[in-house]
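Working notes, structure below.
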Amino acid sequence: MRSPEDLIAYQSDVQTIARPSLPTLVYAFQGFVDAGSGVRLAAEHLRATCDSELIATFDPDELIDYRARRPRMTFASDHFTAVENPQLSLTRLTDKAGRSFFLLDGPEPDYQWNRFLAAIDVVVDQFELTHAVGLSAIPWPSPHTRPIGITVHGNDPELIAGRSAVLGDIEVPGHMGALLELHLGERGLSSVGVTAQVPHYLVQFDYPRCAMALIEGLSDVTGLELSAVGLEDQAVKADGEVTDQLTGNDEFAAVVSALEGQYDQMLEARSALTKPSSAPQGVVPSGDEIAAQVEEFLAGLEGETGKEDKSGRDDPH
């Protein structure tokens, strides 16, 4: 393996960069596990609303597949004027209480995963980080008219108590967020993930309520004073657009109504058994319940795909 340090370009002499007052790394990767672009929206909002200082960037030519993630270019009349190159960056953010932490965000690396993990080890050791929190968002058979569910997972029993989904033993495709959670936990850090459950029919569209839920969940597990103010207007606008799609579309409305009934029944059935979470409230079904519901619902949904497309929304499957 080539030197992992060569992936990192610090903005100043690394020896002069102060450690964050809260030794925490928050990582938020765009791409595979970013339903509704909630992770991207949350990271952008944090950088926009917190005092920020760019600490380092990671070499995109080594990590990113440009043909899979083609940079957006601007063409003006008769010539190209700009390009938005991908950037994976490490930023120091400061919350409203004056506590600083690190945010690692940008596109999920396509290449050299092991070397990238080793580069994160360099950062962890250099700045003596002891906690790590990953943000992700996944499709879920739930309606947009109910609160977004949040689950917390990882190796810290105190942080995940009462807030984790009981999924049992399952296999999922590997992704950098999950690898970092596993890797940093094995290194001895308090390593957890905050995952938002996005209505499956909205995963292809920007969904600000997901970003709001992630920021609230991040605040809850870290104690950071972070604000989601500013996202509410975007969320209201998005909700209105979904409502417009429901109007006059009986098929789409029927799907949402069925999901609402399923959500409410599950919430009622589990209310006496599930410890309420201080993170955004949502249903936390068991593994068997999820398997049964997803199989039954999505099997029926296949026959509704063409009908849902009439609403202007792409089928996420």
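Details
- Taken as a whole, the structure leaves LEU41 outside the set of residues that are in contact with a strand residue (DSSP E or B) (Cβ under 7 Å, 6 or more places away or on another chain) and either crowded, with 16+ Cβ neighbours inside 10 Å or part of a loop (DSSP other than H, G, I, E, B) (or both).
- Each residue in the range 94-149 was checked for being in a helix (DSSP H, G or I) and either in contact (Cβ under 8 Å) with a residue 40 or more places away in the chain or under 19 Å from ASP65 (Cα atoms) (or both), and 14 of them qualify.
- Test result for ALA258, under 25 Å from THR151 (Cβ atoms), more than 19 Å from the chain's Cα centre (by Cα) and at pLDDT 50 or above: yes
- Selection of first residues in the range 182-198 that are more than 18 Å from GLY223 (Cα to Cα) and at pLDDT 95 or above and of second residues that are of a type in the set (Ser, Thr, Tyr) and assigned to a strand (DSSP E or B), restricted to Cβ pairs under 7 Å at least 6 apart or on distinct chains, gives the following pairs, ordered by first then second residue: LEU184/SER191; GLY185/SER191.
- Among the residues of the range 1-37, those identified as part of a helix (DSSP H, G or I) and under 18 Å from MET212 (Cα atoms) are ALA35, GLY36, SER37.
- Residue ID - nearest to GLN11 (Cα to Cα), chosen from residues in the range 65-95 that are among the hydrophobic types (A, V, I, L, M, F, W, C) and in contact with a Lys or Arg (Cβ under 8 Å, 6 or more places away or on another chain): LEU93
- Conditions (1) buried (at least 17 other Cβ atoms within 10 Å of the Cβ); (2) under 30 Å from GLU128 (Cβ atoms); (3) among the small types (Gly, Ala, Ser): number failed by GLY223: (1)
- In the set ASP233, ASP220, only one residue is modelled with pLDDT of 90 or more, among the acidic types (Asp, Glu) and closer than 21 Å to HIS153 by Cβ; that residue is ASP220.
- Output for the range 61-84, where each listed residue is surrounded by 12 or more Cβ atoms within 10 Å (Cβ to Cβ), under 23 Å from VAL123 (Cα atoms) and either over 21 Å from the mean Cα position of the chain (by Cα) or among the polar types (S, T, N, Q) (or both): GLU62
- Residue within the range 25-36 that is touching a helix residue (DSSP H, G or I) at 6+ places or on another chain (Cβ under 9 Å), free of Cβ contacts under 8 Å to residues at least 40 places away in the same chain and surrounded by fewer than 22 Cβ atoms within 10 Å (Cβ to Cβ) present: no
- First in the range 224-235 and over 11 Å from ALA48 (Cα atoms), second anywhere and part of a loop (DSSP other than H, G, I, E, B) and basic (Lys, Arg), Cβ under 6 Å, 6 or more apart: GLU225/LYS96
- When residues in the range 77-93 are screened for being over 30 Å from VAL229 (Cα atoms), among the polar types (S, T, N, Q) and assigned to a strand (DSSP E or B), 1 of them pass.
- Residue in the range 86-107 that is in contact with a helix residue (DSSP H, G or I) (Cβ under 7 Å, 6 or more places away or on another chain) and among the basic types (Lys, Arg) present: no
- Restricting attention to the range 161-193, the residues that are surrounded by fewer than 17 Cβ atoms within 10 Å (Cβ to Cβ) and over 24 Å from GLY31 (Cα atoms) add up to 8.
- Failed condition for VAL221, given (1) in contact (Cβ under 8 Å) with a residue 12 or more places away in the chain; (2) under 15 Å from ILE120 (Cα atoms); (3) assigned to a helix (DSSP H, G or I): (2)
- Taken together, THR57, THR74 contain a single residue that is without any contact (Cβ under 8 Å) to a residue 12 or more places away in the chain and either part of a loop (DSSP other than H, G, I, E, B) or β-branched (Val, Ile, Thr) (or both), which is THR74.
- Which numbered condition ARG115 misses (of (1) over 21 Å from the mean Cα position of the chain (by Cα); (2) closer than 30 Å to PRO208 by Cβ; (3) surrounded by 16 or more Cβ atoms within 10 Å (Cβ to Cβ)): (2)
The values are calculated or read from the model by the stated rules, or taken from the named source; none is laboratory data. Note that the structure is a prediction, hence the values are computed from the model and not measured. Every residue, glycine among them, receives a Cβ derived from its backbone with ideal geometry; neighbour counts consider all protein chains shown.
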